[in-house]
Each structure stands twice: as C-alpha cells, then as structure tokens.
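S.K.: The structure that follows is given in the form of structure tokens.
Please treat every number below as a calculation from the coordinates, not as lab data. Being a predicted model, the structure only gives us computed values, none of them experimental. Neighbour counts are summed over all protein chains in view; Cβ atoms, including those assigned to glycine, are modelled from backbone coordinates with ideal geometry.
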Amino acid sequence: MKDIKNKEPITIAEVREILSRMDPEQLDQIQRWTFDYTSKFSSIEPKRARKMKKALVEECNLTDEEAVEIVNIMPGSIAEIRSFTFGWKKLILAETLSKILRIIRENS
C-alpha cells in the first residue's frame, strides 16, 4: 500500500479520471468496482468538475467538501440544493442558492 501524500476531496469525475489512467489489470477489486461506479454515475467531465468546484468555493463560500457534494449530485433546482444544504447545518442565503444553480447550469 502506498503512503498517503495528499488528502483532498475530489469529485466522482476526478476519481474516474485517476482510475482510467491506471492499467486495468493492476486494479484491485475495490478499485474496479469504484471505476465501474464512477463510469456509470459521473455526468460531467473532470475539467468541468474542477472548474465548477473552484467557482462554488470562490463565489459561494462553500468548503471543498460542500462543493464536491454539489458537483457530484448536480441538483437541478433551488429546492434540490436546499435539500442537501439543509444537512450542512448552516444558513445558505437565497442569493447564494441562485449562484450555485447558475454555476451548475453554466458548467453542465
């Protein structure tokens, strides 16, 4: 097992990108399952996912973890965004919710 060099939340699209660079014969069972999952459920290209994550952090004052959650889920309405942000136990202003939705729409 390799040592952990960096710990950073990444999107499903970024996980797919990392695993796709590896030799499929060298993947263990969990890595193969993860690659299969990310291939099925990633709805955005890694470059766009990174751009969206960065915009959510910078423009909406979200943490990296919150931004990754939004990018992975890709909510399509303010009501959907509210259902996820409710669990964060912090108040998200209506203006910020609108910005989040705008960023998702511009990058999807």
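S.K.: Near Lys47, which aspartates and glutamates are there with a Cα under 19 Å away, not counting those fewer than 8 places off in the same chain?
M.R.: Reachable aspartates and glutamates: Glu8, Glu14, Glu17, Glu58, Glu59, Asp64, Glu65, Glu66, Glu69, Glu106.
S.K.: Moving to a separate point now. Quick check on the exposure proxy: order Leu101, Leu62 from fewest to most C-beta atoms within 10 angstrom.
M.R.: By the 10 Å Cβ count, ascending, the order reads Leu101, Leu62.
S.K.: Would you calculate, for the chain, the mean residue ellipticity at 222 nm contributed by helices, counting each DSSP H stretch of 4 or more residues as -39,500 (n - 2.57) and dividing by all residues, to the nearest 500?
M.R.: -19500 deg cm²/dmol
S.K.: Quick one, which of [x] 8.6; [y] 7.6; [z] 6.8 is the actual mean projected area of the Cα convex hull in nm² calculated for this model?
M.R.: Evaluating mean projected area of the Cα convex hull in nm² on these atoms matches [y].
S.K.: For segment 46-107, give the magnitude of the charge dipole about the Cα centre (Cβ charges: +1 Lys/Arg, -1 Asp/Glu; no others), in debye to the nearest 20.
M.R.: 200 debye
S.K.: Counting only other residues whose beta carbon sits under 9 Å from that of Asn107, what net charge do I get with K and R as +1, D and E as -1?
M.R.: +2
S.K.: What translational diffusion coefficient, in µm²/s and rounded to a whole number, does the Stokes-Einstein relation yield for segment 46-107 at 37 °C and a viscosity of 0.692 mPa s, taking the hydrodynamic radius as the Kirkwood radius over Cα pairs?
M.R.: Rounded, D is 291 µm²/s.
S.K.: Further question: Between Glu80 and Glu95, what is the label-point separation in nm under the 7 Å Cα-to-beta-carbon projection?
M.R.: The modelled label-to-label distance comes out at 2.6 nm.
S.K.: Then there is this: Tell me the net charge near Pro46. Cut-off is 15 Å between Cβ atoms, Pro46 excluded, with +1 for each Lys or Arg and -1 for each Asp or Glu.
M.R.: Around Pro46, the surrounding residues sum to +4.
S.K.: Between Gln29 and Arg105, 0.36 nm times their residue separation minus their Cα-Cα distance comes to what?
M.R.: Value of the extension gain: 23.8 nm.
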